[in-house]
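First the structure, in the form of structure tokens, and then the observations on it.
The values are calculated or read from the model by the stated rules, or taken from the named source; none is laboratory data. In this text, all values refer to a predicted model and were calculated from it rather than measured experimentally. As a convention, Cβ positions derive from the backbone with ideal geometry for all residues, glycine included, and neighbour counts pool all protein chains shown.
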Amino acid sequence: MDAISVIRAKRDKNELTDAQIDWVIDAYTRGEVADEQMSALAMAILLNGMNLREISRWTEAMIRSGERMDFSSLPLPTTDKHSTGGVGDKITLPLAPLVAACGAAVPQLSGRGLGHTGGTLDKLESIPGWRALLSNEEMLAVLRDTGAVICAAGDGLAPADKKLYALRDVTGTVEAIPLIASSIMSKKIAEGTGALVLDVKVGTGAFMKNLADAQELARTMVGLGKAAGVNTVALLTDMSTPLGLTAGNALEVRESVEVLAGGGPADVVELTVALAREMLAAAGVHGKDPADALKDGSAMDHWRRMIAAQGGDPDAELPVARERQVVTADASGVLTSLDAYAVGVAAWRLGAGRARKEDPVQAGAGVEIHAKPGDKVTAGQPLLTLHTDTPERFEYALEALAGGWAVAEEGTPFTPTPIILDRIG
Ligand code: URA
């Protein structure tokens with residue numbers, strides 16, 4: 001077998017055989033297939049697609065490239081959530097301890113920010129002392145003791161995906177449904193969770209800009225999960241406007257703690273509770289309702305134990321940025337849109353995200369939102385507060401925000417977009 005014949009086959013719109021897929025993933029992981037050959041193949045897949053058999057074989061080959069975790073020694077069923085990435089998407093932070101408080105175990109392997117979308121690990125690292133890197137034994141111990149763990153995937157888990165994802169990021173091949181589905185599901189299946197809820201984001205701030213593409217991605221991932229014995233469902237959720245009132249690392253931790261204390265923005269609470277109910281149902285756990293666990297303090301108890309078990313101080317002051325700039329509304333009326341992508345890019349440029357993968361992030365940087373679509377605004381009132389340690393970044397953030405919201409005359413009819421747009425299971 002050789003890489004050129006596999007590239008040519010996909011370039012010429014042929015189905016790849018099982019043997020071709022197994023060989024190319026294995027040879028790429030071992031370094032026998034070069035990055036430029038895999039880039040060409042990824043582009044051919046992006047342009048010409050793969051059918052379900054090919055996607056499923058590709059996913060299996062990526063799983064086989066590394067280890068599989070095993071949580072069968074735990075006394076509780078395991079259930080996990082994966083979001084395809086959004087702006088202000090801090091949901092994992094309150095969700096993992098909330099589901100643990102309701103009686104399931106949550107082994108949550110998470111990632112860092114990618115482009116304009118924030119990363120759960122970057123957010124949690126703003127808590128003094130908190131560690132994302134755990135050995136498999138430490139991960140299991142935290143899970144056993146606190147019911148939930150949020151940590152980085154180890155190098156042994158789907159190494160083919162790690163290599164391929166980094167390559168796709170720099171070759172314009174991220175947005176291929178077969179490659180996204182196999183990338184996400186290879187990690188989740190190798191992680192060994194019994195149940196999985198996918199939060200597939202739709203809108204300007206998401207990879208999937210329209211509902212039809214998001215439905216296709218969700219159907220593909222749900223099919224891959226079920227075929228591998230993972231009870232998988234997907235919620236398709238709105239990402240045309242940021243979730244909650246913050247985008248940034250420490251800013252989002254603060255908002256998550258408000259949710260765990262029984263408060264927080266309504267959209268974050270609604271989505272957290274909906275995903276928690278799905279995760280518990282998928283795991284077959286029917287006990288306390290998640291809405292009650294937010295009110296009675298049990299979700300907060302699990303959060304504090306989970307953070308402390310990973311070296312964090314749940315009572316520590318969170319970092320704040322050195323500089324702030326307020327952005328005001330330029331007209332009076334009803335705010336009809338606040339674009340998720342514009343806010344995400346602004347937060348990224350303020351220092352909440354990275355330009356290159358080795359760059360540090362600023363814990364305090366980001367965007368605070370004072371009005372959401374549907375709110376009445378008055379000219380001159382604060383709409384956003386920008387936070388950064390490096391004030392020269394304000395100019396670039398303001399550029400990103402230009403045209404990022406719309407205000408219509410008071411009385412203009414406004415129909416809010418529901419948070420949950422569809423469910424596939
Ligand atoms: N997240 C992943 O893990 N993989 C992708 O391809 C896209 C988002």
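Remarks
- Failed item in (1) at pLDDT 95 or above; (2) out of contact with any His (no Cβ under 9 Å at 6 or more places or on another chain); (3) more than 10 Å from the ligand (Cβ to nearest atom), with L157 passing the rest: (1)
- In this entry, A141 is excluded by the filter for residues that are within 16 Å of the ligand (Cβ to nearest atom), surrounded by fewer than 18 Cβ atoms within 10 Å (Cβ to Cβ) and among the hydrophobic types (A, V, I, L, M, F, W, C).
- Residues of the stretch 166-207 satisfying the condition of being at positive phi and touching a Ser or Thr at 6+ places or on another chain (Cβ under 6 Å): G203
- Residues located in the stretch 68-93, provided they are modelled with pLDDT of 95 or more and touching a Gly at 6+ places or on another chain (Cβ under 8 Å): L76, P77, T78, T79, V87, G88, D89, K90
- Only one of V361, V367 that is assigned to a loop (DSSP other than H, G, I, E, B) and crowded, with 16+ Cβ neighbours inside 10 Å: V361
- Criterion violated by T378 - all others in (1) farther than 30 Å from C151 by Cα; (2) of a type outside the set (F, W, Y); (3) in contact with a Pro (Cβ under 6 Å, 6 or more places away or on another chain) satisfied: (3)
- Counting only strands (runs of 3 or more DSSP E) that sit completely within the stretch 184-248, those holding 1 or more residues that are farther than 14 Å from G344 by Cβ and more than 15 Å from the ligand (Cβ to nearest atom) correspond to 195-202, 231-238.
- Residue count, the stretch 319-331 (criterion: within 27 Å of the chain's Cα centre (by Cα) and crowded, with 16+ Cβ neighbours inside 10 Å): 2
- The residues listed here are V24, V6, V33; of these, the one that is part of a loop (DSSP other than H, G, I, E, B) and either within 20 Å of A176 (Cβ to Cβ) or within 26 Å of the chain's Cα centre (by Cα) (or both) is V33.
- R324 closer than 30 Å to E137 by Cα and either part of a strand (DSSP E or B) or in the same structural domain as A148 (by TED's automatic domain parsing) (or both): no
- Listed by first and then second residue, the pairs with beta-carbon distance under 6 Å, at least 6 apart or on different chains, first residue in the stretch 152-176 and in contact (Cβ under 8 Å) with a residue 40 or more places away in the chain and outside any helix (DSSP H, G or I), second of a type in the set (G, A, S) and within 13 Å of the ligand (Cβ to nearest atom), are L157/A190; A158/S186; A158/A190; T173/A42.
- Set I25, I45: member being touching a Lys or Arg at 6+ places or on another chain (Cβ under 7 Å), touching a residue at least 12 places away in the same chain (Cβ under 8 Å) and under 21 Å from M185 (Cβ atoms): I45
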